[in-house]
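Contents: one structure, followed by commentary.
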Amino acid sequence: MYLEIVTPEKMLYTGEIHLVKLPGSQGSFEVMKDHAAIISTLESGEIKVISNDGEENFFEITGGVIEVAKNNVIILATTE
């Protein structure tokens with residue numbers, strides 16, 4: 001599954017991943033390979049990314065939007 005995390009200032013992350021955990025508007029949720037297509041808003045909180053080799057990365061956001069379609073995940077996020 002391919003992930004891009006973009007802010008108005010810069011690209012925070014891009015690459016193949018195993019899992020991403022997100023602070024959704026209705027509570028946290030995870031996206032893994034073959035997830036159903038969704039578009040959702042994100043609240044302030046932490047994004048956790050686990051790469052295919054098991055490396056964990058964390059990103060603090062103040063809000064945003066996620067789109068998942070055909071194993072491509074795009075997160076448009078705001079940060080402070």
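Bear in mind these aren't lab numbers, they're just calculated from the coordinates by the rules spelled out. The structure displayed is predicted, hence computed values, not measured ones. Please note: Cβ atoms are built from the backbone with ideal geometry, for glycine as well, and neighbour counts cover all protein chains shown.
Annotation note: trypsin sites (Lys or Arg not before Pro) in the stretch 7-80 located in DSSP loop regions with a Cβ neighbour count of at most 15 within 10 Å are Lys10, Lys33, Lys70.
Taking a Cβ cut-off of under 14 Å around Ile17, the surrounding Lys, Arg, Asp and Glu residues balance to a net charge of -4, with basic ones at +1 and acidic ones at -1.
Of all the Cα-Cα pairs you can form in the chain, what percent are over 20 Å apart? Taking all Cα-Cα pairs of the chain, the fraction more than 20 Å apart is 20 percent. Taking a straight line from the alpha carbon of Lys70, these lysines sit under 19 Å away, with near neighbours fewer than eight places off in the same chain left out: Lys21, Lys33.
Contact order for the chain, expressed relative to its length and based on alpha carbon pairs under 8 Å spaced 6+ residues apart, stands at 32 percent. Other residues whose C-beta falls under 12 angstrom from the C-beta of Gly63 contribute a net charge of -3, scoring Lys and Arg +1 and Asp and Glu -1. The residues neighbouring Val73, those whose beta-carbon lies less than 15 Å from its own, together hold a net charge of -1 under the Lys/Arg +1, Asp/Glu -1 convention. Only Lys, Arg, Asp and Glu carry charge here, each on its Cβ (+1 for the first two, -1 for the last two); on that basis the chain has a dipole of about 220 debye about its Cα centre.
Across the options Ala69, Asn57, Gly24, the greatest Cα extent toward the positive end of the charge dipole of the stretch 2-78 (unit charges at beta carbon of Lys, Arg, Asp, Glu) belongs to Ala69.
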